[in-house]
Amino acid sequence: MDMKAHWENVYTSKPSDNVSWYQDYPTLSLEFIKNAGLPPQAAIIDVGAGASKLADYLIEAGYRDITLLDISEAALHVTRQRLSSAQVQIDWLVGDITTLPLQRQRYDVWHDRAVFHFLTEEDQKRRYIEQVKHALKPGGHVILATFAVDGPQQCSGLNTERYDAAALHALFGSPFTLISSVQETHITPWQGEQRFVYCHCIKRELSAPAADSAIP
């Protein structure tokens with residue numbers, strides 16, 4: 001399946017507030033970002049930003065270095081129109097997160113709500129995690145939300161992977177420390193229920209070389 005074509009069709013055939021993952025206010029995402037205790041100049045990337053309102057509230061909270069990434073140009077267009085008068089510079093990236101070139105150690109926060117669980121092939125997961133390792137600063141925060149173990153097996157006509165916090169952390173491995181996790185029952189616009197798990201990890205600081213291993 002052509003994933004770009006699939007998501008372009010989703011966002012051109014439905015109102016942005018009539019998709020199952022829509023949130024009028026992204027409570028948990030904002031709480032995790034706030035709890036990271038970062039200054040307004042912190043660089044935040046929202047992966048799979050789509051038409052999400054997270055950026056609106058990040059701007060309202062005073063953040064000024066925001067990157068919005070999605071495979072669907074139509075989805076980002078919705079947000080561009082909504083934020084056209086915002087007094088802040090936003091970087092707009094259109095592409096597949098597993099292949100799109102990203103700047104090394106650019107971001108303080110990597111946020112993803114509901115992209116990673118669509119990656120069902122091992123190579124996709126590996127490349128996504130390598131992107132996180134590459135683009136996140138040492139000491140940076142990963143805030144990742146996927147379907148929980150009792151969440152949907154399909155969404156938007158696509159198969160999904162379901163996780164608990166331990167399984168997510170195990171995939172990302174030792175470079176990341178799991179700080180906290182929480183489960184959420186998301187209510188869809190048509191009053192259905194979707195179970196999510198949110199994880200907050202920190203990328204470990206690079207260790208300084210031992211004195212006796214220094215090159216003369």
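Laboratory data are not the source of any read-out in this text; all were calculated from the coordinates shown. Nothing here was measured: the structure is a model prediction, and the numbers come from that model. For neighbour counting, all protein chains shown are included, and Cβ atoms are generated from backbone atoms with ideal geometry for every residue, glycine included.
A few remarks follow.
- Sequence-distant residues sharing a close amide H with TYR22 (under 5 Å, placed H): none
- Based on Cα contacts under 8 Å between residues 6+ apart, the chain shows a relative contact order of 18 percent.
- Tally of Lys pairs whose C-alpha atoms are under 30 Å apart, taken over segment 3-204, 8 or more apart or cross-chain: 22
- DSSP assigns beta bridges within the chain; of those with both partners inside it, close to 50 percent run antiparallel.
- Option label - semi-axes √(5λ) of the Cα gyration tensor in Å computed here, alternatives (1) 28, 21, 17; (2) 36, 18, 15; (3) 40, 23, 11: (1)
- Neighbour-count ranking [beta-carbon atoms within 10 angstrom, fewest first] of LEU69, LEU144, LEU178, LEU58: LEU178, LEU69, LEU58, LEU144
- Of ALA43, ALA166, ALA51, the one that fluctuates the most in a GNM where the chain has Cα springs shorter than 10 Å: ALA166
- Applying a DSSP loop filter and a limit of 14 other Cβ atoms within 10 Å to the trypsin sites (Lys or Arg not before Pro) in segment 46-150 leaves ARG104.
- Stretching the chain fully between ASP17 and GLN183 yields a gain of 57.5 nm (0.36 nm per residue, less the alpha carbon separation).
- FRET efficiency, ASN35 to GLN105 (Cβ-Cβ, R0 22 Å, nearest 0.05): 0.50
- The chain: most fluctuating residue of THR79, THR98, THR27 per GNM, C-alpha cutoff 10 Å: THR27
- Computed about its Cα centre, the charge dipole of segment 3-204 is approximately 500 debye, with only Lys, Arg, Asp and Glu carrying charge at their Cβ.
- Fully extending the segment from HIS6 to SER85, taken as 0.36 nm per residue of separation minus the present Cα-Cα distance, adds 25.5 nm.
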